[in-house]
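Notes follow once the structure below has been shown.
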Amino acid sequence: GIWWLLFGQILQVTRGVDNLVGFLAVGVFAYHFTQNSAKQGARSIISNENLVRAISFPRAILPLSVVFAEFMSLGYAFSAMFVIVLFTGETPSWTWLLLAPMVLFQLLFNAGFAMAFARLGDHFRDIAQMVPYGVRVWGMLSGVFFPVENRLKEHPALFEVMQFNPAYLFMELPRKAILENAAPTAREWLTLAVWGVVALVLGFLFFVRRENQYGRG
């Protein structure tokens with residue numbers, strides 16, 4: 001409501017998009033999933049240190065549990081997002097169903113991301129304090145509040161690099177599906193899938209290498 005009143009009605013800001021409020025809503029709600037997964041994942045071991053020291057269990061359960069908790073919350077967030085985009089004039093399309101596989105790949109990426117930050121957060125305690133700000137800045141630079149294509153149209157090389165930025169893809173592909181009724185290209189699907197699988201595998205391997213050290217400071 002604040003975005004609609006401030007940007008849409010008072011300031012009449014468009015930033016080159018037809019539905020700025022819908023653009024902001026999709027970007028913020030979609031990226032919030034990754035941002036919260038990283039933030040909670042970084043604290044998942046140190047927040048449960050007593051449990052880790054007292055009971056033997058696969059430590060990966062802790063960062064994975066916070067990611068799945070954020071995944072469950074995403075249903076409520078997306079419900080609010082759909083209300084906003086419908087209220088601002090968007091018409092439902094079959095492309096909206098493509099959010100399901102998009103979120104699946106994002107879930108895989110977030111799981112690997114959270115496990116990597118869980119290990120770093122346990123070993124370097126200050127990391128847990130820095131992660132929320134670092135991930136937020138990453139999202140802002142990746143286009144939470146502005147259309148990347150418009151900003152980088154005079155820098156095609158940078159825009160091409162941005163096509164492989166997972167934070168950009170997590171926001172841009174849902175925006176295309178919801179606001180433009182457009183399906184991702186084959187390259188975009190492949191990039192999203194590769195990021196999801198690679199992040200999950202590498203994050204898990206990175207996490208389990210310290211399995212016996214968690215909770216010892």
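The values are calculated or read from the model by the stated rules, or taken from the named source; none is laboratory data. On a predicted model such as this, the values are computed, not experimentally measured, just so you know. Here Cβ is always computed from backbone atoms with ideal geometry, including for glycine, and neighbour counts include all displayed protein chains. All accessible areas refer to the heavy atoms of the entire protein, side chains included, with ligands and DNA or RNA removed. Shrake-Rupley method; radii C 1.70, N 1.55, O 1.52, S 1.80 Å.
Work from the charge dipole of the chain (Cβ charges, +1 for Lys and Arg, -1 for Asp and Glu, about the Cα centre) and give the residue of Asn19, Ile178, Ser73 farthest towards its positive end.
Ser73
Treat every Asp and Glu Cβ in the chain as -1 and every Lys and Arg Cβ as +1, leave all other atoms uncharged, and give the resulting dipole magnitude about the Cα centre to the nearest 20 debye.
680 debye
If you take the charge dipole of segment 77-217 about its Cα centre, with +1 on Lys and Arg Cβ and -1 on Asp and Glu Cβ, which of Met102, Gly143, Ala118 is farthest toward its positive end?
After comparing all options, I get Ala118.
Along the Cα→Cβ direction, 7 angstrom out, place labels at Val198 and Arg125. What is the inter-label distance in nm?
Taking the two extended label points, one gets 3.5 nm.
With a 1.4 Å probe and every protein chain left in place, work out the accessible area per residue of the chain in Å², rounded to a whole number.
52 Å²
Just checking my list (i) -0.53; (ii) -0.58; (iii) -0.48 against log10 I(q)/I(0) by the Debye sum over Cα atoms at q = 0.10 Å⁻¹ computed from this structure; which label fits?
The calculated read-out lines up with (iii).
About its Cα centre, what dipole magnitude does segment 140-217 give when the only charges are +1 on Lys and Arg Cβ and -1 on Asp and Glu Cβ, stated in debye to the nearest 20?
The calculation lands at about 340 debye.
Would you work out what percent of the accessible area of the chain, with all protein chains in place, is carbon or sulfur (probe 1.4 Å)?
Carbon and sulfur: 66 percent of the exposed surface of the chain.
Can you tell me the relative contact order of the chain? Whole percent, Cα pairs under 8 Å, sequence separation 6 or more.
34 percent
For labels at Ser47 and Ser73 in the simple 7 Å Cα→Cβ model, what's the distance in nm?
Modelled inter-label distance: 0.8 nm.
What are the DSSP H helices in the chain that stretch 24 Å or more along their long axis, judged by alpha-carbon atoms, and whose average Kyte-Doolittle hydropathy comes to at least -1.0?
The answer, listed by residue number, is 20-42, 61-87, 99-123, 186-208.
Give the peptides 58-66, 111-119 in descending order of average Cβ contacts within 10 Å, highest first.
Ranking the peptides 58-66, 111-119 by packing returns 111-119, 58-66.
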